[in-house]
Amino acid sequence: MQKVYLDSAATTQPRPEVIAKMQDALVNFYGNPSSTHSFGRAAKTQIEKARKTIAKQLNASPSEIIFTSGGTEADNMILTSAVIDLGVQHIVTSKIEHHAVLHTVEALQATYGIKVSYVNLDEFGSPDLQDLKSLLQANTEKTLVSLMHVNNEIGNMIDIDAFATLCKEHQVYFHSDTVQSIGHWEWDLSKTPVDFLTAAAHKFHGPKGVGFAFIRKNIPLKPMIHGGEQERGFRAGTEPFHNIVGLETAFVLAYENLEEERNYVRELKTYFISRLQQEIPGIKFNGHSGDSAKSTYTLVNVCLPLSPEKGALLLFQLDLKGISCSKGSACQSGSDMGSHVLNEILSKEDLDKPSIRFSFSKYNTKEELDYVVSCLKQYIAN
């Protein structure tokens, strides 16, 4: 049976170079980075090198990069600390953010009584810049805006420079969950006036369990995890050195090969869209995922012309054919509530039909996509 992995928005296949680098770190750099002896100093030196590498690529300062266990921790840390340490009383976000943001905001509202506002979405699920402007013009509280750069389910991209500039003009903090875009898009943080960003290594062919937060210098956040003075006092706990060097390796390779790999993956997406349109009449593309100019090149989200009964078995049937994809965020696996993103933007008629997210990487081929299209066509016809 052919095996086809089309769930890279959930997690990517680690590069061989990343695995080799992590193995070397585990064998040769096992000292505690906080120790003052040579073993510890060697590990600490590599961590700081990774921090400088990331900062240089993003055009940031090394002191602005804080290693975390991933995007979820980074989102939680930034949002929670903004309320506790910065005195934020009002968070503006959207209803299609990742649950790492939405559930954190809900918890902060329940615990601290902060005000929460949601930006209006257009028919395709993109946040409305003018509605955000209206919200900020009427605002009187100390505020943080949190809007993701690339939506993890439908691939919509916001004009992050426009949103960040608007926030700066109104003197409010701006946080963006950039887990789906760090490693896939260029950044210049000396020009884009964001205050906080988040990243996860496993979204760009690195290891799971490690990521980072960008926290603009001179913003006085305090640690959410207490203990030692690791990560400049922002995050206590012995650093997972092997994961950090794996992150650095994946990050470097992602940007060294960005143009070539992005062009390749974008071509795969364009080809897949064309084949689906040719072979499956009535197919729809959710959000802007069918428009390469308005969505990320890494995924498509399709609504298929199937009854609810057949749709309920679609993922199972594809898995039997060796095809891995998802109904939405992998973080919702096991939930029967459906996608909160699609619930916000689809009509009742389309919500009754199955929607599937296919997400691509450099390891996919057109031949694999042809196989997927043929399996979908066969299941729909039978």
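Points to keep in mind about this one:
- Distance from region 213-255 to region 363-378 (C-alpha centre basis), Å: 39 Å
- Accessible area per residue for region 103-150 is 50 Å², calculated with a 1.4 Å probe on protein heavy atoms, without ligands, DNA or RNA.
- Enclosing the Cα atoms of region 213-270 in their convex hull gives a volume equal to 138 cubic angstrom per residue.
- Couplings for region 59-72, taken from phi via the Karplus curve 6.51 cos²θ - 1.76 cosθ + 1.60 with θ = phi - 60°, read 6, 10, 8, x, 5, 8, 9, 10, 6, 9, 7, x, x, 5 Hz in order; Gly and Pro are left as x.
- Hz values of 3J(HN,Hα) by residue in region 119-129 - Karplus curve (6.51, -1.76, 1.60), Gly and Pro given as x: 5, 5, 10, 7, 5, 9, x, 9, x, 8, 4
- Shown in residue order for region 139-147 are the 3J(HN,Hα) couplings computed by the Karplus curve 6.51 cos²θ - 1.76 cosθ + 1.60 at θ = phi - 60°: 7, 10, 8, 5, 10, 10, 9, 10, 9 Hz (x for Gly and Pro).
- Projecting the Cα positions of Gly322, Phe251, Gly338 onto the charge dipole of the chain (unit charges on Cβ atoms of Lys, Arg, Asp and Glu, taken about the Cα centre) puts Phe251 furthest along the positive direction.
- Residues with amide H under 5 Å from that of Asp7, placed H, sequence gap 5 or more: Ser359
- Percent of beta bridges antiparallel (DSSP, region 65-191, rounded to nearest 5): 15 percent
- By average C-beta atoms within 10 angstrom, highest first, the peptides 204-216, 40-52: 204-216, 40-52
- For region 160-280: accessible area per residue (Å², 1.4 Å): 40 Å²
- For Ser146, the residues whose amide H sits under 5 Å from its own are Val92, Thr93, His175, ignoring neighbours fewer than 5 places away on the same chain, with H placed 1.01 Å from N.
- Legend: calculated FRET efficiency, Tyr271 to Asn382, from the Cβ-Cβ distance at R0 = 25 Å, rounded to 0.05, equals 0.50.
- Two-site FRET efficiency, Glu344 against Lys222, from Cβ-Cβ distance with R₀ of 30 Å, rounded to 0.05: 0.30
- The antiparallel fraction among DSSP beta bridges confined to the chain stands at about 55%.
- Long pairs among Lys142/Lys203; Lys133/Lys284; Lys49/Lys217; Lys3/Lys310; Lys191/Lys294; Lys95/Lys353, criterion Cα-Cα beyond 28 Å: Lys142/Lys203; Lys133/Lys284
- Carbon/sulfur fraction of accessible area - the chain, other protein chains in place, 1.4 Å, %: 51 percent
- Cα gyration tensor shape of region 254-381, rounded if a/c is under 1.5, else prolate or oblate by comparing a/b with b/c: prolate
The values are calculated or read from the model by the stated rules, or taken from the named source; none is laboratory data. All of these numbers come straight from a predicted model, not from anything done at the bench. Backbone-built Cβ (ideal geometry, glycine too); neighbour counts: all protein chains shown. Accessible surface areas use protein heavy atoms only, side chains included; no ligands, DNA or RNA. Shrake-Rupley method; radii C 1.70, N 1.55, O 1.52, S 1.80 Å.
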